[in-house]
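The values are calculated or read from the model by the stated rules, or taken from the named source; none is laboratory data. Everything quoted here is computed from the prediction, not taken from an experiment. Cβ placement follows ideal geometry from the backbone for every residue including glycine, while neighbour counts extend to all protein chains displayed.
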């Protein structure tokens, strides 16, 4: 993970360290080959990612595999 540059802070803070350096992990791949009309006709369509991007902290290095687990960590930190 790399730290956000300059004044780019995440809206929410990390539930572990409190830093505003949250970022998405493993972005889904985007097909850049252009329009291919035969793909839909033959059933090749867009490939959907197997998992949603996770959330990671650029300050302490903690990672959460999805938004639900991140929200659970926030709830535990508040209690």
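Scanning segment 25-65 for residues that are surrounded by 12 or more Cβ atoms within 10 Å (Cβ to Cβ), modelled with pLDDT of 90 or more and part of a loop (DSSP other than H, G, I, E, B) yields 58, 59, 60, 62, 65. Considering 13, 68, the condition of being modelled with pLDDT of 70 or more, exposed (fewer than 12 other Cβ atoms within 10 Å of the Cβ) and within 16 Å of the chain's Cα centre (by Cα) is satisfied by 68 alone.
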